Amino acid sequence: MGSLNNAGREDKMKYQDRSPCGNLTLSDTGKEVTLAGWVDALRDHGEVLFIHLRDRSGIVQIVFTPEATPQAICAKAGILKSEFCIHLVGRVVKRVEGTENPAITTGDIEVVAKDLTILSRAETLPFQISEKSILAEAGAKRDEAVAEDLRLQYRYLDLRRPSMQENLIRRQAGGDARQAAGNARAKNGAFLERVRPYS
C-alpha cells in the first residue's frame, strides 16, 4: 500500500509541475518544460512530426524530430490523432526565422519533445474541435458549421472548443455575488465553474 501512495504522489507532482501551453514565450527559450493537453492539429513530414498541443491557456507547437527526440518517442508520436490527451517533456526553442506563426500567441517558439506519455486516446470525432490552423498562411480560424443538435448531443466535446471556453471564462468573469466565490477559486487557474441553465 505504501508504494502505491508514493507512486500516486510522484504522479501528482509530475502533473502539477506542468507549464500552461499558451503562456510560453521567447523568454522561456532553452528551458525544459512539462506540458499536458489535447492534440489540436497534426502535420506529418515523414521523419518530422509537428503537433499543436492545446490546454485551457492556449496552443503551442510541439516538434518530434529524430535529431533531438529519442526514436521510441518518435515512434509513439506516430500514432497520435486529434484529441488524444498527452503529457510530454521538452525543450523550448525559438522557431527558425520565416517559420513563425502569428495565428497563435506562442507562434515565435516551439517545444522539441524528448518524452511522451499518451494519457488517453480518442476515436474519430463527430465534428472538428480545433478552431486554429497549424499553418500560418491558412488563416487564424477555421469556420466550420456544425449542426446545433450534433453540438448538443456531444456537448462535452463542444465545450472543448476555444470559442466555447472563451464564453465560459467571460461568463465567469461577471461581477455578481454568486460568482465571487467561484472567481476566488479560479484565480489560480485551478477551477472553471460551469453553470447549466435550468430545464
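Quick note: the coordinates plus some simple rules give every number you see, no bench work behind them. Please read all numbers here as calculations on a predicted model, not as lab measurements. Neighbour counts run over all protein chains shown; Cβ positions are idealised from the backbone, glycine included.
Can you list residues from other chains, or at least 5 along the same chain, whose modelled amide H is less than 5 Å from the amide H of Ala41?
Amide H to amide H, under 5 Å and 5 or more residues apart or across chains, Ala41 pairs with His52.
How many angstrom lie between the Cα centre of the range 28-71 and the Cα centre of the range 103-124?
Between the Cα centre of the range 28-71 and that of the range 103-124, the gap is 4 Å.
Does a label point 7 Å from the Cα of Thr105, set along Cα-to-beta-carbon, have any residues of the range 15-32 with amide nitrogen under 16 Å, and which are they?
Label zone hits: 19-28.
Please turn the phi angles of the range 106-122 into ³J(HN,Hα) values with the Karplus equation 6.51 cos²θ - 1.76 cosθ + 1.60 (θ = phi - 60°), one per residue in order, whole Hz, x for glycine and proline.
So the J values, rounded to whole Hz, are 9, x, 8, 10, 8, 10, 8, 6, 10, 8, 8, 10, 8, 7, 7, 9, 10.
Rounded, prolate or oblate: pick one for the range 2-120, where a ≥ b ≥ c are the square roots of the eigenvalues of its C-alpha gyration tensor, a/c under 1.5 means rounded, and failing that, prolate if a/b is larger than b/c, else oblate.
Values: a/c = 1.77, a/b = 1.40, b/c = 1.26.
Prolate is the answer for the range 2-120, as a/c is 1.5 or above and a/b outweighs b/c.
For the pair Ser27 and Ala72, how long in nm is the line joining their label points, each one 7 Å along Cα→Cβ?
3.7 nm
With each pseudo-label sitting 7 Å past Cα toward Cβ, what's the Ile79-Ser120 distance in nm, one decimal?
Taking the simple label geometry, Ile79 and Ser120 are separated by 1.8 nm.
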